[in-house]
Amino acid sequence: MDLQSYCPKKLLPAKEAVTKIKNGSRVFIGTGCGEPQHLIRTMVQEPTIQDIVIYQMLSSTFAEFVDDESFLHRFSLKLFFISRRMRQAAFEGKLDYLPAYLSQIPDLFATQKIGLDVALIQVSPPDRYGFCSLGISVDITLSGLKNARMIIAQINPRMPRTWGDSFVHIDDIEYIVEHEEALVEALPATKNQEVVERIAGYVDQLIEDGATLQVGFGHLPDALLPYLQNKQDLGIHTQVITDGFLPLLKSKVITNKKKSYLPGRVVASLCMGSEELYDYVDNNPMFYFRASEFVNDPNVIARNDNLVSISSALEVDLTGQICTDSQGYLFYSGIGDQVDFIRGSKMSKGGFSIIALPSTAQNGKVSRIVPHLSEGAGVATTRGDVDIVVTEYGIAELHGKGIYQRVMELAQIAHPKFREEIINEAKKRHYIFPDQLPPTKQDLIFLENYKYHLVLPNRRTVEFRPLLPSDEFASRNFFYSLQDTTIYYRFFQKRKVFSREMLQKQWASVDYRKNMTIIGLLPKRQHKEIVAIGSYAKSEESEDVAEVAFVVKEEFQDQGIGSFLLEILETIARENGYRAFTATVISENVKMIRVFQKQYPQAKTRRGLGGEVDIYMPFASGRDQEAG
């Protein structure tokens, strides 16, 4: 479209266009990397413009002026989300933070709770029908321009033309400034790569092929994406698209084929990254850009089955409260999209949310897993909304669990040097029992090598892993679910009570080397239940012999679980210097004796005076016992 012939009166130089802004106006600015830099700079540099209130979500260009006293006298900044470049200004009180859920910000404009006189936006050149695209910034920008009394648009040939609800017609724009410039780029900051890789390893375990992902604001969630290259047919429904998605898009890991809602499309609201990313979304029909009131609506989010939300936090307290927007009294970022997607994922069939964060801050000086949030810190996500928390030390599953269990889950994924302190603080608050033992101070990353899977004849898969302190309650449920005969065979007595003290002693005795316990877990609806437990412990008679025992829930016996447990235990025992197992079995427990004899053909048996059978099982020399 030839704008000079279609609407010559609308075409103005930037300096003249900004003079249309009256003193005292409330001005909306387009979001993040889509902000109209030339218009912003021209407006600020026009001395006649006074007493302006600015509303914006992610601000970049204003960082050039926030240290200028004359700017602060003329402009009042009100931000829904504090970008990294504006963080120091926020700490110094040079701007006002507006906490709000992204899904609800457009309604603040529509209802005039926040009235807007002017919208400064950046768009692509119009097509032959007169439609410009908001490109990489649809989010709250669409609502901002719809509810402003006057729109001044910077037409920039470098703004991508994106598909979806991203269009504004020339007829709806009061003034147009044609100006080409590079878009703002948001490139990832350097992270501790070892920490990122470890967190990514745990996140990778939680995400299944065909899941639909949301990745929140922040460098850590974005840094996790490259580690999902082994997945297949992932889908995307997210607020922001970053460069982290590019490798997965180009390698066809992201196909959107399995999405239950809007299949085949990447649903997003804005784009922040490099020129390469902007070129990729340009006129690409795979991308479907919609406004924040749609993309972030929990009810819309929930229409995606298996929706996994990945976001980050500054602190997590022992009850599960999440702080994302402040460091104590200092506002750091914003509520953003986290709460919307956490609630949407919970309503999604098969969906859940992950809060991923390093275990420490300030170069390891402070723990991010804390007894209580810092004084002044805001609760963005409540303890009732939190689901899964991941650090470089493991996975804590919190949803549906009481404070006692949450303390144990979070303590075991805290940095080892802070675990004892966390337990002691929890005792002071009466969150846990006075005699509660702290988790080991070991870094248990090596336990990742001790995770196995067994496919049963009915095609269900049992997951095997080492016992953790947080398994105490699940262990209790397992033992109480066993029949009296099974209990008698395992404990040589008709035990009726499995006390907390007994179960705590069980996990506390596990050092994961000389003493080991492996549990077998089977998915049951939205959680996993223990169906088998196997252990070995150093024999009192010999340094290189371990006593072994296991128990399998009745309905899962005779399916190879016991034999598989033995294989796992022997593999680990060999690594730790053992050369044989011993076991004492009640003579009536014929099934158990047969499992041992089948697994160890060279086993030697001796019948005791009390009717029990002692079995000595030497490991075959050179035998490769790696479990599948």
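The values are calculated or read from the model by the stated rules, or taken from the named source; none is laboratory data. Bear in mind that the values here come from a model prediction, so they are computed numbers and not experimental data. Neighbour counts run over all protein chains shown; Cβ positions are idealised from the backbone, glycine included. Areas reflect the complete protein model, heavy atoms only, side chains present, ligands, DNA and RNA absent. Shrake-Rupley method; radii C 1.70, N 1.55, O 1.52, S 1.80 Å.
Structure notes:
- When the chain is described by a simple charge dipole with +1 on each Lys and Arg Cβ and -1 on each Asp and Glu Cβ, the residue from V27, T486, Q4 located farthest towards its positive end is T486.
- The residue list A549, L444, L234 was ranked by how far each Cα lies along the charge dipole of the chain toward its positive end, using unit charges on Cβ atoms, and A549 comes out on top.
- Pairwise centroid distance, computed over Cα atoms, of segment 103-170 with segment 440-458, Å: 51 Å
- Förster radius 51 Å - calculated FRET efficiency between Q50 and Q229 (Cβ-Cβ, nearest 0.05): 0.45
- Euclidean distance between Cα centres, segment 305-371 to segment 63-92, Å: 25 Å
- Anisotropy class of segment 123-169 from Cα gyration tensor, a/c 1.5 cut: prolate
- Selection from G244, V196, Y512 lying farthest towards where the dipole of the chain points positive, charges on Cβ: Y512
- Working from label points 7 Å from Cα in the Cα-to-Cβ sense, the S542 to R594 distance is 2.8 nm.
- Violating pairs (Cα-Cα greater than 21 angstrom) within the set K257/K528; K417/K538; K524/K553; K514/K598: K257/K528; K417/K538; K514/K598
- Amide H to amide H distances under 5 Å link G378 with D325, S326, where only residues 5 or more positions off or on other chains count and H is placed in the peptide plane.
- Cα point-scatterer Debye curve for segment 278-382, base-10 log of I(q)/I(0) at q = 0.14, 0.23 Å⁻¹: -0.66, -1.16
- Average accessible surface area per residue within the chain, 1.4 Å rolling probe, Å²: 42 Å²
- The loop-placed GluC sites (Glu not before Pro) in segment 375-433, going by DSSP, that have at most 13 neighbouring Cβ atoms within 10 Å of their Cβ come out as E375.
- Cα-centred dipole magnitude for the chain, charges only on beta-carbon of K, R (+1) and D, E (-1), debye, nearest 20: 1760 debye
- Rounded D (µm²/s) - segment 311-360, Kirkwood Rh over Cα pairs, Stokes-Einstein at 4 °C, 1.567 mPa s: 109 µm²/s
- Surrounding net charge for P371, when Lys and Arg each add one and Asp and Glu each subtract one, Cβ distance under 13 Å: 0
- Near F167, the amide H atoms lying under 5 Å from its own belong to L134; only residues 5 or more places off or on other chains count, and H is placed 1.01 Å from N.
- Prolate/oblate/rounded label for segment 404-528 (Cα gyration tensor, a/c 1.5): oblate
- Unit charges on C-beta of K, R, D, E only; dipole of segment 491-566, Debye: 540 debye
- Helical mean residue ellipticity (222 nm; -39500 (n - 2.57) per DSSP H run of 4+; nearest 500) of the chain: -7000 deg cm²/dmol
- Alpha-carbon Rg/Rh ratio, for segment 173-267, with Rh computed the Kirkwood way: 1.08
- Hull volume in cubic angstrom per residue (convex hull over the Cα atoms of segment 491-625): 141 Å³
- Overall form of the chain: prolate. Here a/c, set by the Cα gyration tensor axes a ≥ b ≥ c, is 1.5 or more, and a/b is the larger of a/b and b/c.
- For segment 478-486, 3J(HN,Hα) computed residue by residue from phi via the Karplus equation (6.51, -1.76, 1.60; θ = phi - 60°) reads 4, 5, 6, 7, 6, 6, 4, 5, 4 Hz, glycine and proline entered as x.
- For the peptides 348-355, 182-189, the ranking by mean Cβ contacts within 10 Å, running from highest to lowest, is 348-355, 182-189.
- Remark: segment 291-296, residue by residue, has Karplus-estimated 3J(HN,Hα) of 6, 4, 5, 9, 4, 9 Hz, where x stands for each Gly or Pro and the curve is 6.51 cos²θ - 1.76 cosθ + 1.60 at θ = phi - 60°.
- Segment 78-185 has equivalent-ellipsoid semi-axes of 26, 17, 13 Å, by the square roots of 5 times the alpha carbon gyration tensor eigenvalues, sorted largest first.
- Take the Cβ atoms of R574 and N424, set R0 to 41 Å, and the FRET efficiency comes out at 0.65.
- Distance (nanometres) between label positions extended 7 Å along Cα→Cβ at D2 and A508: 8.7 nm
- For segment 442-543, the Cβ-based charge dipole about the Cα centre amounts to some 520 debye (Lys, Arg positive; Asp, Glu negative; other atoms uncharged).
- Protein accessible area in the chain, 1.4 Å probe - carbon and sulfur %: 48 percent
- Between segment 553-628 and segment 235-266, the C-alpha centres lie 48 angstrom from each other.
- Working note: Karplus 6.51/-1.76/1.60 with θ = phi - 60° gives segment 448-465 the couplings 4, 6, 10, 10, 9, 9, 10, 8, 7, x, 8, 6, 6, 10, 9, 9, 10, 7 Hz, where Gly and Pro are set to x.
- Placing dummy labels 7 Å off each Cα toward the beta-carbon, the span from V455 to K604 is 4.1 nm.
- Förster radius 25 Å - calculated FRET efficiency between Y404 and N515 (Cβ-Cβ, nearest 0.05): 0.55
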